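Comments concern the structure below.
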Amino acid sequence: MYSCKKGGIIGFDGYKKVKGNKLSVLVDQNGTPLSCVVSPANIHDSRLYKPTIEAFAPSEKELKVKTITADAAYDTLEIRTYNNQNGIQTNIPINKRNTKDPENRRAEQFDLDLYKKRGAVERFFSWIEAFKKIVPRHERKEGSFIGLVLFACGIMIYRVLG
């Protein structure tokens, strides 16, 4: 369900019962944003994984993504295959809803200590909420909204790097 009124694509998120957009980000261990993707709210998080990773395109090869830690919503065969093909180590817990048969459960490596550092993403979202114009999404046009998000990310990077 899309709505193109007032210049922006807005979807209805049935889980949160709101219309709006969803922000998908890739952050480093410190919570510094590396890439941001905005989409309608009715798109599942796992569908935004590949565009978010591909939006991070550094010029130097040593800055490539090596390990991804994400929550169980990203436990799909498509994401795990994409990571294996691109040499990315996957640290995603197995989603019990994807493995209903206990005998056919996948045996995937999972590092709990590394997963506990996933709080960097939550830290990013708490930082972004400090920008009062971004959270309720006052901007109707997609270009204006992503511009505000990128401006806020630039301010965050400036504060971290000093």
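How high is the FRET efficiency from Phe110 to Ser144, r the C-beta distance, R0 45 Å, rounded to 0.05?
0.65
³J(HN,Hα) across segment 117-127 via Karplus (A = 6.51, B = -1.76, C = 1.60, θ = phi - 60°), whole Hz, x for Gly/Pro?
Computed from phi, the couplings for segment 117-127 are 7, 5, x, 4, 5, 5, 5, 4, 5, 6, 5 Hz.
Label Leu77 and Phe131 with points 7 Å out from Cα along Cα→Cβ: what is the distance between them in nm?
About 3.9 nm, to one decimal.
Residue by residue through segment 77-93, which ³J(HN,Hα) values in whole Hz follow from phi under the Karplus form 6.51 cos²θ - 1.76 cosθ + 1.60 (θ = phi - 60°), with glycine and proline marked x?
5, 4, 5, 5, 5, 4, 5, 5, 5, 9, x, 9, 6, 9, 10, 10, x
May I ask you to derive the FRET efficiency for Gln85 and Ile155 from their Cβ-Cβ distance with R0 = 30 Å, giving the value to the nearest 0.05?
Efficiency for this residue pair is about 0.30.
7 Å from Cα along Cα→Cβ at both Ile43 and Asn95: what's the point-to-point distance in nm?
Rounded to a tenth, the inter-label distance reads 1.6 nm.
If amide H atoms are built 1.01 Å from N in the plane of the peptide, which residues on other chains or at least 5 residues away come under 5 Å of the amide H of Gln89?
Result for Gln89 returns Thr67, Ile68.
We did not get these values from a lab; they are worked out from the coordinates using the rules stated. Predicted model only: the values in this text are computed from it and were never measured. Neighbour counts run over all protein chains shown; Cβ positions are idealised from the backbone, glycine included.
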